[in-house]
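Below is one structure, written out as structure tokens; the observations come after it.
The values are calculated or read from the model by the stated rules, or taken from the named source; none is laboratory data. Owing to the predicted nature of the structure, the values given are computational and were not obtained by experimental measurement. Positions of Cβ are generated from backbone atoms using ideal geometry, with glycine treated the same way; all protein chains shown enter the neighbour counts. Quick note on the areas: whole protein, heavy atoms, side chains included, nothing else; ligands and nucleic acids left out. Shrake-Rupley method; radii C 1.70, N 1.55, O 1.52, S 1.80 Å.
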Amino acid sequence: MSENANLNYGNSAPSTLEPFVSADEAAVFLSISRRYLLALARGGLAGAYALGTGAQRKIWVFRLSELANAIVLRSANTSVAKPPKCVTMPSRQSPR
């Protein structure tokens, strides 16, 4: 077996991995506050990855493509409730 056969499986070019970004960059990307983004991350938002374990402070990193997909899926699954209709009560007319 040649050395090149071991290095190249198939004809496709090797894919590049998407880099992680900071919470600040991800918040700007989503147009939300950093604090709200971190609350979503603690709640299990897809695309958010915590670095650190135990009682140590966690640093969060994000993949923008996964965040975008998670937001699209979340908005598709969340239906906006219609507000209740306004009802006008008839006024009582006092007997004359």
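On inspection, Pro14 does not qualify as modelled with pLDDT of 90 or more and in a loop (DSSP other than H, G, I, E, B). The residue that is most open to solvent (accessible area, probe 1.4 Å), counting only those in region 31-66 that are touching a strand residue (DSSP E or B) at 6+ places or on another chain (Cβ under 8 Å) and in a loop (DSSP other than H, G, I, E, B), is Lys58.
For the condition among the aliphatic types (A, V, I, L, M) and at pLDDT 90 or above, Ala39 qualifies. Within region 67-94, being modelled with pLDDT of 65 or more and open to solvent by 100 Å² or more (accessible area, probe 1.4 Å) holds for Leu73, Arg74, Asn77, Pro90, Arg92, Gln93.
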